[in-house]
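Let me begin by presenting the structure, written as structure tokens, before commenting on it.
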Amino acid sequence: MDLRLTVDLPRDVDRVNTLRHVLDGALAGLGVAEQARTDIALIVNETWANVIAHVRIGVAFQVRATVDEQRCVIEVTHPGESATKTINVLTTSGHSLRVVRSLADDVDVDSDGLLMKVTKLL
């Protein structure tokens, strides 16, 4: 089982709903348990809420989901821009990041365009 999904999204809350539904359908088709799918949907929502709350309007993002037999990895990037200021906000922000950390098995906030990498074991 392998799935790779890459979506370019504007900074818009409505677009993440589409991503969440597509990803959930794909995970269900791959036989991923319902609780893991629920956790992943919430991780996607809260990660995106964090991006929307802390990143300036007009910036486009790329969300990549990679799934294998053992894990789902969600990466949020904004190619072509320095992530330094955004990362400082994301690492010190509150509720959304705490929710993501409580559901995920690993959360990395990095640099060089990578805003966040979240891993959920299946």
If we keep just the residues of the range 27-42 that are open to solvent by 20 Å² or more (accessible area, probe 1.4 Å) and not in a helix (DSSP H, G or I), which is modelled with the highest pLDDT?
Ala33
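Could we say that Asn45 is open to solvent by 40 Å² or more (accessible area, probe 1.4 Å), modelled with pLDDT of 80 or more, over 21 Å from Val107 (Cα atoms) and assigned to a helix (DSSP H, G or I) here?
Details: open to solvent by 40 Å² or more (accessible area, probe 1.4 Å): yes; modelled with pLDDT of 80 or more: yes; over 21 Å from Val107 (Cα atoms): no; assigned to a helix (DSSP H, G or I): yes.
Judged against the criteria, Asn45 is not a match.
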So which residues in the range 60-88 are in contact with a helix residue (DSSP H, G or I) (Cβ under 9 Å, 6 or more places away or on another chain) and at pLDDT 80 or above?
Val63, Ala65, Val67, Cys72, Ile74, Val76
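The values are calculated or read from the model by the stated rules, or taken from the named source; none is laboratory data. These numbers come from a predicted model, not from an experiment. For neighbour counting, all protein chains shown are included, and Cβ atoms are generated from backbone atoms with ideal geometry for every residue, glycine included. These area figures cover heavy atoms from the full protein model, side chains too; ligands, DNA and RNA do not enter into them. Shrake-Rupley method; radii C 1.70, N 1.55, O 1.52, S 1.80 Å.
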